[in-house]
Amino acid sequence: MTDLRDRLTETLRAGQLDGLHAAVAVRAGETLLEYYGSGEDSSWHIRLGVVEFGPHTLHDLRSVTKSVTALLYGIALHDGLVPEPSAPLLRHFPAYSDLAADPARARLTVEHALTMSLGLEWREDLPYDNPANAEIAMELAPDRYRYVLERPVVEPPGVRWSYCGGATTLLAGLIADGTGRPLAEYARSVLFKPLEIDNLAWMCGSDGVASAASGLRLTSRDLARIGELVLGAGSWRGRRIVPAEWIDVMLRPRLSTSWGSRYGYHWYVEKVAERRTVAAMGNGGQRLYVLPDLDLVVAVTAGGYNDPEQWRTPLAVLERVVLPAMA
């Protein structure tokens, strides 16, 4: 642990961890590293000023929320509350029968949402404080589900991965409808309570609906706990929370991202330093890395929101600090 702390300090001094707020590394249930710093932070568009981070400080997870939503979908699927991935998507949104009448949209399945391959026009390459960003526009729309489903069709579904917070929103809609409970309430019951996580927040859009795409706030410790759950094939401390079969299916790579990683069901699968790495990623440098071969979880929170180079800090924590200390 001392070696990890020294490596972290050296990497900070070298200026390779810009905007780092916290880092937690857990191996085989043992916490190897727990670092907290300070820095400018915000929660969505609300500036929080300089924050002194600690074990109990909540942090925006941004799009890591999407990966948590995928875990919830697997729990609900096991209980028969949501449709199978192969099911037609619009059949389960009966309020939009006018859209289902379009043959191009009728081809959409739940799996196309899970793999972000809906083939709909969707721009999230703009800053997330810009209302022209599709995710922000969706959160401001009077009907988030119609906003997503009526986007222009630009290509056949299932052909290409295209980043889309709207896909996660549709999955969350299916969860809420199938369980009869708001997403955040369902999550507290079936995921967070079993994980003994009670310090959290889930931000909502203008319609009061919890944002499945980017609204979750957890402590860095609890973010690592989510990683331990994935590492344990859906079990944590001997308790089954997510079906092991779902974890396996969820992490199976299906499509390539625009930068070359592979994508499963709302989780990234890639290699870091030649190690198979499963990852959840969020704007600003929020990362949850799971390395099964090393029985290792690394959680990183950072403040590089909308910075094109934001990926450098969490990757440096993994590559320059944690992995070199692993035997």
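The values are calculated or read from the model by the stated rules, or taken from the named source; none is laboratory data. As the structure is a computational prediction, the values presented were derived from the model and not from experiment. Here the Cβ positions follow ideal geometry from the backbone for every residue, glycine too, while neighbour counts run over all protein chains shown.
A compact table of results
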{"read-out": "Matching residues, the stretch 53-110, being of a type in the set (Phe, Trp, Tyr), part of a helix (DSSP H, G or I) and within 30 Å of Thr219 (Cα to Cα)", "value": "Tyr73"}
{"read-out": "Glu309 at positive phi, surrounded by fewer than 21 Cβ atoms within 10 Å (Cβ to Cβ) and not basic (Lys, Arg)", "value": "no"}
{"read-out": "Only one of Tyr289, Tyr268 that is within 19 Å of Cys164 (Cβ to Cβ), among the aromatic types (Phe, Trp, Tyr), surrounded by 19 or more Cβ atoms within 10 Å (Cβ to Cβ) and touching a strand residue (DSSP E or B) at 6+ places or on another chain (Cβ under 7 Å)", "value": "Tyr268"}
{"read-out": "Selection within the stretch 162-191 - more than 22 Å from Arg254 (Cα to Cα) and within 15 Å of the chain's Cα centre (by Cα)", "value": "Leu183, Ala184, Ala187, Leu191"}
{"read-out": "Within the stretch 13-48, tally of residues that are over 22 Å from Leu61 (Cα atoms) and either free of Cβ contacts under 8 Å to residues at least 60 places away in the same chain or hydroxyl-bearing (Ser, Thr, Tyr) (or both)", "value": "4"}
{"read-out": "The stretch 13-58, subset exposed (fewer than 15 other Cβ atoms within 10 Å of the Cβ), closer than 26 Å to Ile136 by Cβ and among the hydrophobic types (A, V, I, L, M, F, W, C), residue modelled with the lowest pLDDT", "value": "Ile46"}
{"read-out": "Test: residue in the stretch 124-138 that is modelled with pLDDT of 95 or more and either part of a helix (DSSP H, G or I) or out of contact with any Pro (no Cβ under 8 Å at 6 or more places or on another chain) (or both)", "value": "no"}
{"read-out": "Hits in the stretch 111-123 - residues which are part of a loop (DSSP other than H, G, I, E, B) and not small (Gly, Ala, Ser)", "value": "Thr115, Met116, Leu118, Glu121, Trp122, Arg123"}
{"read-out": "One residue from Ala212, Ala233 being outside any helix (DSSP H, G or I), modelled with pLDDT of 95 or more, surrounded by 22 or more Cβ atoms within 10 Å (Cβ to Cβ) and touching a helix residue (DSSP H, G or I) at 6+ places or on another chain (Cβ under 7 Å)", "value": "Ala212"}
{"read-out": "Tally of residues being out of contact with any Asp or Glu (no Cβ under 9 Å at 6 or more places or on another chain), surrounded by fewer than 24 Cβ atoms within 10 Å (Cβ to Cβ) and in contact (Cβ under 8 Å) with a residue 60 or more places away in the chain across the stretch 156-174", "value": "4"}
{"read-out": "Test: residue in the stretch 69-78 that is under 21 Å from the mean Cα position of the chain (by Cα), loosely packed, with under 13 Cβ neighbours inside 10 Å and not aromatic (Phe, Trp, Tyr)", "value": "no"}
